[in-house]
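Every number in this text was worked out from the coordinates using simple rules, so none of it is lab data. Just so we're clear, the structure is a prediction, and the values are computed from it rather than from any experiment. Note: ideal-geometry Cβ built from the backbone for every residue, glycine included; neighbour counts use all protein chains shown.
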Amino acid sequence: MVLADDHALVRAGVKALLASHGIDVVAEAGDGRALLREVRQHRPDVAVVDVSMPLLDGIEAARRIASWSPSTRVVVLTMHDDERFMARAMNAGVWAYVAKDEAIDRLVDAVHRVASGKRCLPENIEPLDDPLTTREREVLQLICEGKQNSDIAHIMSRSVNTVRAHRARLMRKLGVTSATELLNVAEKRGLLT
Amino acid sequence: MKTRLILVDDHAVVREALKQLLDAEPDLDVIGTADCGEAGLALAHRTRPDLVLLDISLPDADGLDLIASFLEHDSDTRVVMLSMHAEPEYAAAAVQRGACGLIPKSDSPASFLETLRHVAAGGTLHVDAGLSPRERDVLGELARGASNEEAAQALGLQPKTVEGYCQQLMQRLDVHTRVGLIHYARRIGL
């Protein structure tokens with residue numbers, strides 16, 4: 001499996017713990033984009049992914065993985081006990097959702113179940129009416145991280161015009177006319193992990 | 001001689017991950033863990049550790065406020081903060097309150113162990129000065145959504161001076177847009 005968390009220290013410990021439970025971590029990543037590269041290369045059975053990571057959050061990464069590497073099942077690790085994240089995670093095709101204040105045993109259990117084909121998700125989450133597309137969410141995160149359009153274009157391997165188009169569309173959808181308003185609305189609506 | 005440590009962090013995954021790393025080291029001995037400030041203080045009281053690894057964000061207290069309590073109880077204990085964020089702010093504040101240093105969770109295991117050993121041997125971490133009071137003021141205004149003019153008025157500065165601070169902050173914090181600065185300011189709790 002592949003492990004992604006931007007806290008290198010936690011990642012190292014979790015890797016060692018999983019190894020002691022017979023789970024082999026073949027690759028690690030410290031941000032959402034590196035995660036996609038590692039999954040593309042290794043095509044693991046399972047990816048354990050922290051929800052909040054720089055450049056691309058865990059849920060958007062999960063969504064991408066579900067579309068081009070569907071044999072890779074994603075388990076998200078999160079600090080949030082927030083239903084909004086759970087709904088988004090489910091929409092993104094995540095197989096299990098484990099909170100960081102739960103013990104590692106819970107994570108090990110989730111990985112084993114998911115590897116054997118069972119989803120472990122709560123039953124009664126309201127489906128989410130997600131206003132933004134996955135690309136729009138990616139652009140939103142990068143704007144809030146303080147990246148300029150040219151950097152965003154580079155990170156996403158798209159043209160600056162494409163980035164501008166996504167930006168304009170997402171601002172229109174959220175009903176804002178400036179980047180500052182965008183940040184405010186995104187924070188209020190829990191669109192940032 | 002082994003260094004006796006306790007770990008105080010509300011996330012079981014983090015506690016277990018760090019314990020796993022430390023258990024592999026012959027000179028570092030985790031004698032207990034706690035999931036909140038109160039339990040941490042009780043544990044320290046009972047076990048008198050050499051070193052306390054304390055998370056900055058705990059459910060029942062601000063980690064920074066707890067440093068004094070740990071030291072008050074046993075002035076030989078050395079406190080090292082753990083933080084989710086690597087921003088220099090936290091390190092400067094921690095050391096000011098009496099901690100020997102701060103380790104961001106994004107640090108490598110090797111760096112983490114080196115810091116712990118350095119502190120166990122009596123050292124303190126040299127930290128960046130962090131943000132100046134004026135820089136904090138400007139960021140505080142930005143966090144509230146102020147424009148440069150509004151910030152200038154609130155702080156008794158010229159708008160051009162505020163603009164200068166913004167440029168300076170963007171460079172230091174490696175953030176390239178104003179929105180990025182606002183987000184940063186809110187993330188560090190301003």
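Couple of notes before you dig in:
- Each of A:VAL160, B:MET1, B:ALA121 was placed along the dipole of the protein assembly as shown (beta-carbon charges, centred on the mean Cα), and the one lying farthest toward the positive end is A:VAL160.
- Residues of type lysines that A:LYS15 reaches as a straight line, Cα spacing below 23 Å, ignoring anything fewer than 8 places off in the same chain: A:LYS100, A:LYS118, B:LYS19, B:LYS105
- The stretch A:47-178, dipole about Cα centre (Lys/Arg Cβ +1, Asp/Glu Cβ -1), debye to the nearest 20: 720
- Exercise: per-residue mean of other protein chain Cβ atoms within 10 Å, A:96-109: 3
- Burial order of peptide ranges B:158-171, B:13-26, A:51-64 (average beta-carbon count within 10 Å, highest first): A:51-64, B:13-26, B:158-171
- For chain B, the relative contact order works out to 14 percent when only alpha carbon pairs closer than 8 Å and six or more residues apart are counted.
- Taking every alpha-carbon pair under 8 Å whose residues sit at least 6 apart, the stretch A:2-115 reaches a relative contact order of 24 percent.
- In a DSSP loop and with at most 15 other Cβ atoms within 10 Å, the trypsin sites (Lys or Arg not before Pro) in the stretch A:136-193 are A:ARG189.
- The dipole here belongs to the stretch B:133-187: it is taken about the Cα centre, uses +1 on the Cβ of Lys and Arg and -1 on the Cβ of Asp and Glu, and is about 180 debye.
- Peptide packing: for A:21-30, B:174-183, B:141-150, the average count of neighbouring Cβ atoms within 10 Å per residue gives the ranking B:174-183, B:141-150, A:21-30, highest mean first.
- Set of the stretch B:149-190 residues, backbone N closer than 13 Å to the point 7 Å along the Cα-Cβ line of A:GLU187: B:179-190
- Fraction of alpha-carbon pairs over 41 Å apart in the protein assembly as shown - percent: 16
- Residues with amide H under 5 Å from that of B:LEU28, placed H, sequence gap 5 or more: B:THR3
- Within a straight-line Cα-Cα reach of under 22 Å, A:LYS173 can be paired with the following lysines, leaving aside sequence neighbours fewer than 8 residues apart in one chain: A:LYS147, A:LYS188.
- Averaged over B:105-116, number of beta-carbon atoms from partner chains that fall within 10 Å: 3
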